[in-house]
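Notes to accompany the following structure.
No value in this document is a laboratory result; all are computed from the given coordinates. Everything numeric in this text was worked out from a predicted model, so none of it was measured. Cβ placement follows ideal geometry from the backbone for every residue including glycine, while neighbour counts extend to all protein chains displayed.
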Amino acid sequence: MNTVRKSYIETFGCQMNERDSEIMGQLLNNADYSPTNDIQQADIIVINTCSIREKAEQKVYSLLGRLRKLKEKNPALIISVAGCVAQQEGERLQARMPLVDIVLGPQHIYRLPELVSKATLKGMPQIAVDLSPSFEIPRYVPPSPLMFRQKDERPVSPDHFKKFVTIMQGCNNFCTYCVVPYTRGRETSRDPDDIITEIMALAEHGVKEITLLGQNVNSYGKPLNNGRQHTSFSKLLRKVAAIDSIKRIRFTTSHPKDLSHDLIECFAEIEKLCPHFHLPVQSGSNHILKRMNRGYTAEEYLAKVDTLHNVRPDIVLTTDIIVGFPGETDKDFQATMDLLKTVRYHGVFSFKYSDRPQAKAVAFSEKIADEVKSERLSCLQDSQNKISLQRNREYEGSIQLVMIEGLSKNGDGQWSGRTMGNIIVNFEGPSTLSIGQEVAVIIKEGLLHSLRGALVL
Ligand code: SF4
């Protein structure tokens with residue numbers, strides 16, 4: 001008889017969700033569930049959902065549909081839906097999908113073991129989606145052994161040396177296309193001492209690279225949980241950089257209006273701060289930026305980009321762009337295309353606008369026809385692909401410090417890793433190299449999404 005209970009977690013969406021899933025995994029592990037990659041073996045299934053794009057939401061319902069047979073076979077199986085779709089849909093989700101036992105919003109993930117016990121004991125669905133304006137991120141969730149390799153084991157995945165650390169949650173910006181303030185609630189920041197305790201515990205287990213996470217990390221610290229003392233993101237970065245064994249620091253994601261001069265200066269001062277900045281612009285048109293409630297103009301954005309380039313000429317800039325926002329004219333779209341050419345991003349995540357329930361833009365008139373959105377998206381992506389390729393070719397002949405993440409996905413026996421600027425490099429090197437090692441690589445060829453090189457001996 002199988003007495004070991006098993007948990008299976010499926011994650012959709014952003015890095016915040018990936019970290020939330022890891023936390024739920026930690027909590028379940030501490031409650032004696034061991035993780036499995038085989039959904040058929042699971043005693044509890046958690047689907048951590050994302051509602052930022054319509055497609056991700058559809059995928060959740062189709063996965064739930066496929067789980068019906070599993071639940072019929074094993075009525076004791078607990079099915080939980082977490083994340084933004086859970087928050088948005090609440091009881092409606094459970095009514096539509098009665099096989100779901102637990103619906104929990106992002107503020108309630110820490111209650112998962114308690115909700116599992118209640119669902120099991122009472123045999124009743126558990127819905128936890130109320131948003132508290134005074135929500136505090138719990139101070140510290142002890143890492144479970146499953147997060148780390150054994151002391152004498154060689155790292156076998158990037159998970160063994162790089163980790164996400166949530167520093168804040170929620171958002172106060174209310175961009176008119178976005179549901180986050182309604183699904184994750186108002187902004188709340190963790191105490192810097194709790195964050196440092198967590199990072200030090202990770203460092204002790206061999207973690208070398210930390211990505212600080214939040215919906216808007218550069219407004220971190222205003223205010224802290226419970227209105228305690230005020231601090232700033234740049235101060236936090238300096239504290240993290242003081243931890244000796246942490247070699248690389250990254251963060252995501254940022255809001256251009258909150259990008260302070262102090263933070264820009266960190267790129268000049270803090271050697272461990274990786275020169276990669278994901279700075280979502282969304283549109284190059286002031287008319288559209290205003291309708292999106294973004295709080296900056298294209299000119300203000302470009303001035304900040306200029307300062308970043310001056311302070312750190314090797315900085316890798318990436319962004320998000322929405323095409324076909326309600327009211328976007330050809331002229332507005334052209335302004336976005338012009339901005340792309342001015343900034344010359346290394347990479348762009350671009351999407352067609354879609355109405356998200358609860359977001360203000362749902363009620364906006366002048367919706368753009370889908371074929372126009374598709375045309376604009378492909379025009380933008382064609383243009384950006386040319387820029388990305390040019391950007392990557394500019395590395396040819398340079399030497400880059402690469403942190404090894406594993407063997408290349410191309411299956412050609414090459415190693416694969418990332419530069420400080422977060423660009424993937426596939427390179428030839430001896431089999432004696434190991435995951436998590438930092439090596440110098442000479443770049444021989446810049447491709448659209450990666451670089452190719454050889455180890456510097
Ligand atoms: S800044 Fe805007 S887009 Fe980003 S999470 Fe907040 S509301 Fe959403």
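Each eigenvalue of the Cα gyration tensor of the stretch 1-69, multiplied by 5 and square-rooted, gives one semi-axis; in descending order these are 23, 16, 6 Å. Among SER365, GLY446, HIS230, whose Cα sits farthest toward the positive end of the charge dipole of the chain (+1 at Cβ of Lys/Arg, -1 at Cβ of Asp/Glu, about the Cα centre)? Value computed over the given set: SER365. Along each principal axis, taking the top coordinate minus the bottom one, the Cα set of the chain gives 62, 61, 48 Å in descending order.
Would you please give the FRET efficiency between VAL456 and ARG96, computed as 1/(1 + (r/R0)^6) with r the Cβ-Cβ distance and R0 = 45 Å, to the nearest 0.05? The value I calculate is 0.20. Fully extending the segment from ALA440 to ARG53, taken as 0.36 nm per residue of separation minus the present Cα-Cα distance, adds 135.5 nm. For the stretch 338-451, the Kirkwood hydrodynamic radius comes to 16.7 Å, computed from all pairs of different C-alpha atoms. Magnitude of the charge dipole for the chain, about its Cα centre and with charges confined to Cβ atoms of Lys, Arg (+1) and Asp, Glu (-1), is about 580 debye. Label-to-label distance for SER157 and LYS386 is 4.1 nm, based on points extended 7 Å past Cα in the beta-carbon direction.
Take the Cβ atoms of SER365 and TYR61, set R0 to 30 Å, and the FRET efficiency comes out at 0.55.
For the stretch 170-289, averaging the sequence separation of C-alpha pairs within contact (under 8 Å, six or more residues apart) and dividing by the residue count gives a relative contact order of 23 percent. Look at the alpha carbon pairs under 8 Å that are at least 6 residues apart: their mean separation over the length of the stretch 19-99 gives a relative contact order of 33 percent. Distance from the Cα centroid of the stretch 30-90 to that of the stretch 157-224 is 24 Å (rounded to whole angstrom). Summary value for the stretch 272-347: 44 percent relative contact order, contacts being C-alpha pairs under 8 angstrom separated by 6+ residues. Rounded to two decimals, the Cα radius of gyration of the stretch 1-141 over 2.2 N^0.38 Å is 0.97.
FRET efficiency for the pair LYS73 and GLU300, taken as 1/(1 + (r/R0)^6) with r the Cβ-Cβ distance and R0 = 56 Å, rounds to 0.45.
A Cβ-based charge dipole, computed about the Cα centre of the stretch 325-425 with Lys and Arg at +1 and Asp and Glu at -1, lands at about 220 debye. Shape analysis of the stretch 182-303 based on the Cα gyration tensor places the equivalent ellipsoid semi-axes at 28, 18, 12 Å, largest first.
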